[in-house]
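Written below as structure tokens is the structure these notes are about.
The values are calculated or read from the model by the stated rules, or taken from the named source; none is laboratory data. What you see is a predicted model; the values in this text were computed from it and never measured. Virtual Cβ from ideal backbone geometry, glycine too; neighbours counted across all protein chains shown.
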Amino acid sequence: MAGRDQRAERRTDALSKERIVAVAVEILDTDGEGALTFRALSARLATGSGAIYWHVANKDELLAAAAAEVVGRAVTDVPAGTDAREAVRAVTLGVFDAIDAHPWVGAQLSREPWQFAVLELFEAVGGQLAALGVPEHARFDAATALVNYVLGLAAQYAAGARLLAREVDRSAFLGSVADRWTSLDPARYPFVHAMAGRLADHDDRAQFLAGVDVFLAGIAATR
């Protein structure tokens with residue numbers, strides 16, 4: 001009995017929140033949010049659910065921690081000495097790529113406004129604004145505008161991931177949307193009608209970065 005208790009204690013001691021979160025990310029990436037249960041975690045980690053609850057209170061906390069892990073890596077992957085403007089581009093593009101690689105992150109970021117993953121992004125963007133010459137009174141508004149742009153993308157990606165899971169073929173789906181846009185009355189929807197041809201084959205990543213550059217141009221104007 002004593003030996004069994006000691007082995008259980010060693011397993012619990014070896015288990016860490018970092019390890020739990022890493023396995024949670026694996027499950028989310030391969031099987032989606034619906035598959036992330038404490039039973040599935042217990043099976044993967046070869047431990048009891050009680051040991052997991054010692055480190056993580058519930059699924060909401062686990063999802064927030066998993067998103068913070070992914071976003072945290074994205075926003076810190078900027079070489080030291082990078083120009084402030086390029087650092088902002090690198091941080092936001094890193095989050096774009098993280099959401100692209102882990103679609104569940106988009107759903108999580110849109111779920112709670114001030115979770116730790118959002119704070120990581122807010123700090124990474126806002127921390128560059130002084131170097132960009134933005135006056136102190138304008139930094140909060142500038143950082144909030146740019147972060148909300150990224151979070152808006154996160155929400156769109158989350159919705160798109162759910163939709164395209166059913167549609168499967170993204171190009172065909174966007175082509176059908178472009179066809180609907182083309183069929184609209186050009187007098188009522190002149191801009192949408194004119195842009196329909198660009199929808200099906202546009203590059204999401206390039207378009208996202210172009211949006212970041214629009215924000216940076218506006219931020220530069222506040223100097």
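Annotations
- Checked against the criterion of being modelled with pLDDT of 90 or more and either more than 27 Å from Val150 (Cβ to Cβ) or touching a Pro at 6+ places or on another chain (Cβ under 9 Å) (or both), the candidates Ala43, Ala74, Ala2 yield just one match: Ala43.
- Checked against the criterion of being small (Gly, Ala, Ser) and within 26 Å of Phe96 (Cα to Cα), the candidates Ala221, Ala194, Ala187 yield just one match: Ala221.
- Residue in segment 20-34 that is surrounded by the most Cβ atoms within 10 Å (Cβ to Cβ), counting only those that are modelled with pLDDT of 95 or more and more than 17 Å from the chain's Cα centre (by Cα): Ile20
- Hits in segment 26-69 - residues which are over 20 Å from Ala98 (Cα atoms) and in a loop (DSSP other than H, G, I, E, B): Thr37, Ala46, Thr47, Gly48, Val56, Ala57, Asn58
- Hits in segment 211-223 (condition: in a helix (DSSP H, G or I) and of a type outside the set (Asp, Glu)): Gly211, Val212, Val214, Phe215, Leu216, Ala217, Gly218, Ile219, Ala220
- Checking each residue in segment 46-65 for being within 12 Å of Lys17 (Cα to Cα) and either surrounded by fewer than 18 Cβ atoms within 10 Å (Cβ to Cβ) or among the aromatic types (Phe, Trp, Tyr) (or both) picks out Tyr53, Trp54, His55, Ala57, Glu61.
- Taking the criterion of being assigned to a loop (DSSP other than H, G, I, E, B) and farther than 28 Å from Gly94 by Cα, the residues of segment 175-210 that qualify are Ser183, Leu184, Asp185, Pro186, Ala187, Arg188, Tyr189.
Every residue, every condition in (1) aromatic (Phe, Trp, Tyr); (2) loosely packed, with under 14 Cβ neighbours inside 10 Å, yes or no:
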residue: Pro79; (1), (2): no, yes
residue: Trp114; (1), (2): yes, yes
residue: Val150; (1), (2): no, no
residue: Gly160; (1), (2): no, no
residue: Ala178; (1), (2): no, no
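- In segment 127-145, the residues that are closer than 22 Å to Val78 by Cβ form Cβ pairs under 6 Å with partners that are loosely packed, with under 12 Cβ neighbours inside 10 Å, at six or more places apart or across chains, as follows: Gly133/Arg223.
- Being at negative phi, part of a helix (DSSP H, G or I), at pLDDT 90 or above and under 21 Å from the mean Cα position of the chain (by Cα) is a description that does not apply to Ala161.
- Any hit, segment 197-215, residues being at pLDDT 85 or above, under 30 Å from Pro135 (Cβ atoms) and of a type in the set (Val, Ile, Thr): yes
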